[in-house]
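What follows is a single structure, written as structure tokens, with notes after it.
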Amino acid sequence: MEQQADHGHQLGLPVLYTFRRCPYAMRARLAIVAAGLKVEVRELVLRAKPAHMLEISPKGTVPVLWLQDGTVIDESLDVMRWAVGQNFPADWLVLSAEQQQKCDEWIALLDGEFKRNLDRYKYPHRYHVKTATDTYTCDPLEHRIACEKILTLWNEVLSQQGPWLFGAKPSFADFAILPFVRQFRIADEAWFDAVTGYEELKLWLNSFLTSPLLEKAMVKYTPWQPGDTPLTFPG
């Protein structure tokens, strides 16, 4: 049975279920790499999620981190907190109480309003509604404008104290947010690269896109199957 094949931690490491392109899983992997940790990695095909992952985390979303003591961490920010709690990255800024409050506000804005509008900008067809009594066609440009209001906020912050959100050093906030700014750009790269008014934000994003940290976090793995030879992340 698959459950038996999944039993235990074959490498003596935490097991991470992940999907390479998911920004939530990406932020978790970024923190693991930055903290200098290793995990046993299981790359998923989202349409065929492993039974064991669904058993330990019925909500069925990535990332899922399964610790050696049986603890399951299945929220991306909590995986990030676990990683930096194990070994805080030497080049990350330690936030003051005031900075931490601002970090929490920005991440709540990102995971709430920004992500809601980003989904409708990138995948408007998923939100069209047609019933016997109602027809609604999702307008991607409306939702792009909503995202832009939030990007303008971060662009202003970066223009005042960049190159990172809190100044000279990156922080938890930067790497929790940047995977989603990357996804916003991917929705229409030609438009994003040509649009004006986001110069500091583009520099911030580009430094992330060209960073060794992202390169290590985005290494490709063959989708995992029960019985496969276990693999480590980073490799």
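The values are calculated or read from the model by the stated rules, or taken from the named source; none is laboratory data. These numbers come from a predicted model, not from an experiment. Cβ: placed from backbone, ideal geometry, glycine included. Neighbour counts: every protein chain shown. Keep in mind that these areas ignore ligands, DNA and RNA; they rest on the heavy atoms of the full protein, side chains included. Shrake-Rupley method; radii C 1.70, N 1.55, O 1.52, S 1.80 Å.
List, in the order given, every pair from 102/122; 102/220; 169/220 whose Cα-Cα distance in the structure shown is over 32 Å.
On the way: 102/122 27 Å; 102/220 34 Å; 169/220 28 Å.
Among 102/122; 102/220; 169/220, the Cα-Cα distance tops 32 Å for 102/220.
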Legend entry - Fraction of beta bridges assigned by DSSP in the chain that are antiparallel (%, nearest 5): 75
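Once R0 is set to 25 Å, what does the formula 1/(1 + (r/R0)^6) return for the Cβ-Cβ distance between residue 196 and residue 119, expressed as a FRET efficiency to the nearest 0.05? Working shown, then result.
Numbers: r = 25 Å, r/R0 = 1.02.
About 0.45, to the nearest 0.05.
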Inset, instruction - Per residue of the stretch 216-225, in order, report the coupling 6.51 cos²θ - 1.76 cosθ + 1.60 (Karplus, θ = phi - 60°) as ³J(HN,Hα) in whole Hz, putting x for Gly and Pro. - result: 5, 6, 10, 4, 7, 10, 5, x, 6, 10
Inset, instruction - Label the stretch 109-235 by shape, choosing from rounded, prolate and oblate, from the square roots a ≥ b ≥ c of the eigenvalues of the Cα gyration tensor; if a/c is under 1.5 it is rounded, and otherwise prolate applies when a/b is larger than b/c, oblate when it is not. - result: oblate
Legend entry - Potential lengthening between residue 98 and residue 145 on full extension [0.36 nm per residue; Cα-Cα distance subtracted]: 14.0 nm
Inset, instruction - Would you mind checking which residues have amide H under 5 Å from residue 231's amide H? H placed 1.01 Å from N; only 5 or more apart, or other chain. - result: 41
Legend entry - residue 231-residue 127 pseudo-label distance in nm [points 7 Å out on the Cα-to-Cβ vector]: 3.4
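Kindly rank 126-139, 209-222, 17-30 from highest to lowest mean number of other beta carbons found within 10 Å of each residue.
On the way: 126-139: 9.4, 209-222: 13.4, 17-30: 22.5.
Listed from highest to lowest mean packing, they are 17-30, 209-222, 126-139.
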Inset, instruction - Take the alpha carbon atoms of the stretch 70-135, find their radius of gyration, then divide it by 2.2 N^0.38 Å using N residues; give the quotient. - result: 1.69
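What net charge is computed for the residues neighbouring residue 163, neighbours being all others with C-beta under 11 Å from the C-beta of residue 163, Lys and Arg scored +1, Asp and Glu -1?
-1
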Legend entry - Accessible area per residue, Å², the chain with all protein chains present, probe 1.4 Å: 50
Inset, instruction - Take the solvent-accessible surface of the protein heavy atoms, probe 1.4 Å, and return the percent of it on the chain that carbon and sulfur atoms account for. - result: 52
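Need one word for the stretch 39-174: rounded, prolate or oblate. Basis is the Cα gyration tensor (sqrt eigenvalues a ≥ b ≥ c); a/c below 1.5 gives rounded, then a/b vs b/c decides.
oblate
With a Förster radius of 41 Å, plug the Cβ-Cβ distance of residue 168 and residue 11 into 1/(1 + (r/R0)^6) and report the FRET value to the nearest 0.05.
Values: r = 37 Å, r/R0 = 0.90.
For residue 168 and residue 11, the calculated efficiency is 0.65.
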Inset, instruction - Quote the charge dipole size of the chain about the Cα centre in Debye, to the nearest 20; the model charges only the Cβ of Lys and Arg (+1) and of Asp and Glu (-1). - result: 440
Legend entry - Estimated dipole of the stretch 117-232 in Debye, rounded to 20 [Cβ of Lys and Arg +1, of Asp and Glu -1, Cα centre]: 240
